Structures are given as C-alpha cells and as structure tokens.
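Here it is, the structure, as structure tokens.
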Amino acid sequence: MLDRELIRTQPDFVRHGIQRKGLDSSIVDEFLRVDSAWRSLRQELEVMQAERNRISKTIGQLMGQKKIDEANEAKAQAKAISDALPEVEARNRALEEDLNKIELDFPNLPHESIPDGKDENDNPVVRVWGEKPTFAEEPKAHWDVAEGLNLFDLARGAKITGSGWVVYTGQGARLQRALFNFMIDHQTRKNGYFEIYPPFLVNRASLIGTGNLPKFEEDLYKSTDDLYLIPTAEVPITNLYRDEILNGEDLTIKLAGFSGCFRREAGSAGKDTRGIQRIHQFDKIEMVKFCKPEDSYAELETLIQDAESVLQTLGLHYRVIELCTGDIGAKGAKCYDLEVWSPGVGRYLEVSSCTNFEAYQARRANIRFRREQGAPTEFVHILNGSGLAVPRLYGAILESFQQPDGSVIIPEALRPYVGLNKLTS
RNA sequence: GGAGAGGUGGCGGAGUGGUCUAUCGCGCUUGUCUUGAAAACAAGAGUCCUGAAAGGGACCAGGGGUUCGAAUCCCCUCCUCUCCUCCA
C-alpha cells in the first residue's frame, strides 16, 4: 500500500515508479477516479449526518422541557434525514470497498537507487565471496550424492503426499535438523535477533498484511476454517505487531524464527525441478526487522550481511546480486538475493532474498511507531530476509563437500549439530 | 464439541435509550511550589478519515437490526476466562 496523499498529489511520480518495474500504471488513474468520487460523496454524507445529529440533540432537550409538539416536529425532520441516509451510505460503502481493493493491488515503488532492467539477466552482481571449489572428477549433483547415502527419498515422498514432497531419512534427516538448529542459533546468538517460533497457519488478515493476498491466492495452501499454511515465517512474524503502535525507543526490532514453508506454486513452472531445489514444503529461518524510515537502508545492508555470515561460517562460495526493476516484483523497494554456488548443479542458487519494503507492508498491516510520547504516529519500515532457506543450502553442502568415496565432510561449525564429522553410507 | 461468565481508552474499572464533554482511579505530559525531587494543587492528553482552514464524521471486540437518537435493547460472528468432554 502506498500513501494516498502521495498518489493524489504526485500521480506522475507514482506512475513513473510503477512503469520502471514494468507494471501497468493505469491503476493510478483508477485510484484517482474512485478516490475523488468517494471524497465528494463523503462530504455529502457527513453534512447529512451532522444535521441529523444536531436535530437529535435538540429532541432530547425539548423532551426535557416537556415541549412535546416541538419535539415531534423535530423527530419528523430527523426521520426524513435518517430515511434518506441508507441509500447514500450504501453508495459510499461501495466506493470505499472499491478504493480499498485498488489500494491493496498497488505495487510498491522501487527505490531510486535500484538498477533498471528487464529481468533476472539484468541483475548486477554486488560482490562475490570465496571461490568455486575444485574437484578431481566432475562433481555430482546433490540428488546423486544423496542417493548413495540414502539422505532423502523423493519417490516415497511422492507416494505418501505427492510430487515435490520430500522425505529426509537417516543421516539426511539429521543434517536437515542440524541445519536449521545451527542457523537459528547463529542468527539469535551471534547476530542479535530475538527468537520467535510462530504458528504455521495464519488467517487471511495476516496474509493481506504482508502482501501475499489478495493477489497470490493460488500460491497458497488453504486449510479448512479459512486458515492458510504459511509460505514463509515472514507472514506470522511481521504480523506480530499488526495494528500496534510501537515505541520509537524500541526500534530497530530484530526478530528471527524457524518455520516450515508451504508453497503450491513450487515446481509448477517446470524449472529447477530436480532434487530439492524447488519443493512444496521446506524449512527456513526468517529474519524480520522493524525500524525507523531513516534507518531502513542501513538495516538492509546489515540484513544481507547477516544472511551471508551463515555461508561464510560454513565456508561456502556465494555471490550477492541486486535485483533490477524488472525482477524485484511488486512488494519490494530494494532487494538483494544471496546465491550459493552449487557445484554439481553448476549454478548459483538463491538461498536468501533480503528486501526493504519501506512502509508498504506497514501500511497494509497498520504497524506504526511514535518517536516519543505524544509524538504523531508514523509507519515503520519493515525488512525481511531468509537466514537461510534449508534445501538449497543442503544441496550446496552435499555438492561442495562431497568426497571421491561418496561421503560428505560436514563443515566444522555444523558438526556439533549433526554429531558427525562426515556423512557415510 | 457442551455449559456458563465476559470483551469499554496505556492499565484498572463505572456506565436507568437522550439533557455540554464515556463517571472515577492509576499511570502519562505540562505548569505552580521546590536548590532538585517527592507530595500537593492546576491544566492537558485517544485513534482514524475528511477538509486550505474553521469545522465535520467515524470508532465502547467485529458485523447487522430496532429507534428521531444505541456503549446501553435484539440477532450473528470472533476472541478471552471458568467448568465439563476430548486429546499430545
């Protein structure tokens, strides 16, 4: 959601931002049309209400003075207004609903600093850490490494649930569990995030707050009772403060939580479908920050660094790219992707996406703060990023640390969590 | 799932359908007093929308209804608490 006042007073600026993302800016004109109709009708409505309220008050006084005839006359006047009100109210409500719907469909504007571009091929590389590991023989892809060690079972996952659902087994299950335990410890103890363990199902209002609804309904698993399985812990964690006014002194608030993530769309594009690169359920640590507007770009830099520090600790080669206007999507203002090198697949795979939403989510979720007591409320800026997603990291570990004999050396930092130095058959 | 009791401002807690403001207390802000603080006294203070402003409107969990007028009466939904049932 954008500031209504900004759309009203600087429509060209808003149009330009939407067009930079390659999106349709006619929504601006639609908004302006409905907004002005709504505001003028609202004036009309409020004049009627004020008049009715005024007359109603005099009725009480007249009754008290036993001026029954005058009271009855006033009653008739008030009733005439009250009879006319519902029709105006209904029109007003209809316009208001239209306006709200349009408002929720608005994309966020890109930050002025982000590079123009058409798609992912135009994303500049910001930095590279480490080097590609070298192998005596051609490195195997993680699904081949895993097969030799019986780490996960895609066939049986498909049997018990469906295609794109994975069962981790034995040492593979242990590595999986070790990875998210290691990462939540890393982000909370080393990087100073406050730990959250959220529900995995949320209500509709929460998904509207983060911007997943109403637009991306088809990407979500819906349960009975109108609850949705979360696509990321971003949803419950961001919504912790929905409809709240935060104390400015408490900012920046840094939260990190573990959750399962459930995505219907995964695999539907027919891309990256092998192994565990794209699956319907995966585990992830998510970091969320709530901060003052003037701090959010500095917080974005430390957020991506916090995500990177996981890969550094594990000794995995990676690069950071910045998403261009054509690839950033509707919700973000600026976004970095963290991509780990996957030697067997032979590509860099996204393990984290760190985004500054500025006030976009805060407006939707109504999360505000006061700089000090008595100060006016302002919207916070909200950022989030994975810290990290497990499956692709899992794959990168298998591929990067595979040995000629088929075993996999466990990185030092992970050993206390796995309880093994290497995975063997 | 069943029975009962509830949901009012930052918190606690009143509120016979109307008469100028949703009592009051705590907490909060400012002022008086004080070297400073406390105490006392006085004043102030909610959120949102709309409007250039003056002003107007909405909000007592949410949504409907009755009425000239609803925190108050009626209906539905959600949530909390107690007890029962079930369950890990």
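Scaled to the compact-protein estimate 2.2 N^0.38 Å, what is the alpha-carbon radius of gyration of the range A:104-150, rounded to two decimal places?
Rg over 2.2 N^0.38 Å, computed on Cα atoms: 2.06.
Testing the spin-label approximation: label points 7 Å from Cα along Cα→Cβ at A:His16 and A:Ser113. State their distance in nm.
According to this spin-label approximation, the distance is 1.9 nm.
Calculate the length of the line joining the C-alpha centroid of the range A:295-356 to that of the range A:1-47, in whole Å.
33
While we're looking at this one, here's another question. Can you give the Rg to Rh ratio for the range A:4-105, taking only C-alpha atoms and Rh from Kirkwood?
Rounded to two decimals, Rg/Rh equals 1.27.
Per residue, how much space in cubic angstrom lies within the convex hull of the C-alpha atoms of chain A? Write out the running numbers ahead of the final one.
On the way: hull volume 74.5 nm³, N = 425.
In chain A, the Cα convex hull volume per residue is 175 Å³.
Right, something else. Just to be sure I understand the model, the point goes 7 Å from the Cα along the line to the Cβ. What's the resulting A:Met63 to A:Glu138 distance in nm?
9.1
Given R₀ = 41 Å, what would the calculated FRET efficiency be for A:Ser82 paired with A:Phe216, taking r from the Cβ atoms and rounding to 0.05?
Working from the Cβ atoms, E equals 0.45.
If amide H atoms are built 1.01 Å from N in the plane of the peptide, which residues on other chains or at least 5 residues away come under 5 Å of the amide H of A:Ser352?
HN-HN under 5 Å from A:Ser352: A:Leu338.
Report the per residue volume, in Å³, of the convex hull enclosing the C-alpha atoms of the range A:257-350. Could you put the intermediate results ahead of the total?
Numbers: hull volume 12.8 nm³, N = 94.
For the range A:257-350, the hull spanned by Cα atoms encloses 136 Å³ per residue.
Looking at chain A as a GNM with Cα springs under 10 Å, which of A:Glu97, A:Glu299, A:Glu234 has the largest mean-square fluctuation?
Result for chain A, Cα springs under 10 Å: A:Glu97 fluctuates most.
Please work out the C-alpha center-to-center distance from the range A:92-156 to the range A:364-425 and express it in whole Å.
15
Going 7 Å from the Cα of A:Ile245 in the Cα-to-Cβ direction, what parts of the range A:366-383 have a backbone nitrogen less than 15 Å from that spot?
Correct set: A:366-380.
What FRET efficiency comes out for the pair A:Glu120/A:Ala330, r = Cβ-Cβ distance, R0 = 22 Å, nearest 0.05? Display every interim value, and only then the final one.
Working: r = 16 Å, r/R0 = 0.72.
According to the calculation, E is roughly 0.90.
Something else: If the chain between A:Asp225 and A:Lys75 were fully stretched, how many nm would it gain, using 0.36 nm times the residue separation less the Cα-Cα distance?
Extra length available between A:Asp225 and A:Lys75 comes to 49.4 nm.
Take the cross-link list A:Lys132/A:Lys334; A:Lys140/A:Lys222; A:Lys254/A:Lys422; A:Lys222/A:Lys292; A:Lys140/A:Lys284 and give me the ones stretching past 30 Å between alpha-carbons. Intermediate values should be presented prior to the final figure.
Working: A:Lys132/A:Lys334 28 Å; A:Lys140/A:Lys222 37 Å; A:Lys254/A:Lys422 34 Å; A:Lys222/A:Lys292 34 Å; A:Lys140/A:Lys284 25 Å.
Those over the limit are A:Lys140/A:Lys222; A:Lys254/A:Lys422; A:Lys222/A:Lys292.
Follow-up. For A:Glu30 and A:Asn421 in one chain, what is 0.36 nm times their gap in residues minus the Cα-Cα distance, to one decimal in nm?
134.7 nm
Which is farthest toward the positive dipole end of chain A among A:Ile196, A:Ser36, A:Ala146, measuring Cα position about the Cα centre, with Cβ charges +1 (Lys, Arg) and -1 (Asp, Glu)?
Projecting each Cα onto the dipole axis, the largest value belongs to A:Ile196.
Next question, about the same structure. So for the range A:2-121, if I pair up every lysine 8 or more residues apart or on another chain, how many of those pairs have alpha-carbons under 22 Å apart?
Close lysine pairs under the 22 Å cut-off: 10.
Here's another thing I want to ask about it. Taking the Cα centre of the range A:129-177 as origin, sum charge times position over the Cβ atoms of Lys and Arg (+1) and Asp and Glu (-1), and report the length of that vector in debye to the nearest 20. Mind dumping the intermediate values first?
On the way: 6 positive and 6 negative charges, 69 e Å.
Taking the Cα centre of the range A:129-177 as origin, the dipole is about 340 debye.
Shape call for the range A:69-121 from the C-alpha gyration tensor, a ≥ b ≥ c root eigenvalues: rounded (a/c under 1.5), prolate (a/b greater than b/c) or oblate?
The shape class here is prolate.
Once the piece of chain linking A:Glu265 and A:Arg347 is laid out straight, how much longer is it, given 0.36 nm per residue of separation minus the C-alpha distance between them? All intermediate terms of the calculation are to be shown ahead of the outcome.
Values: separation 82, 0.36 × 82 = 29.52 nm, distance 2.17 nm.
Contour length minus the Cα-Cα distance gives 27.4 nm.
Classify the range A:138-181: rounded, prolate or oblate, from the alpha-carbon gyration tensor (a ≥ b ≥ c, eigenvalue square roots; a/c under 1.5 rounded; otherwise prolate if a/b is larger than b/c)?
oblate
Arrange the peptides A:350-358, A:27-35 so that the one whose residues have, on average, the most other Cβ atoms within 10 Å appears first.
Details: A:350-358: 24.6, A:27-35: 17.1.
The most tightly packed comes first, giving A:350-358, A:27-35.
Here's something else I'd like to know. Can you find, among A:Asn100, A:Ile68, A:His16, the residue sitting farthest towards the positive end of the charge dipole of the range A:4-105, where Lys and Arg contribute +1 and Asp and Glu -1 at Cβ?
Most positive-ward Cα: A:Ile68.
Please give the residues of the range A:222-261, grouped as numeric ranges, whose backbone N is less than 11 Å from a label point set 7 Å along the Cα-to-Cβ vector of A:Arg371.
none
FYI, it's all coordinate maths here, none of it is from the lab. Here the structure is a predicted model, which means the values were calculated and not measured. Cβ sites come from the backbone with ideal geometry, for glycine too, and all protein chains shown count toward neighbours.
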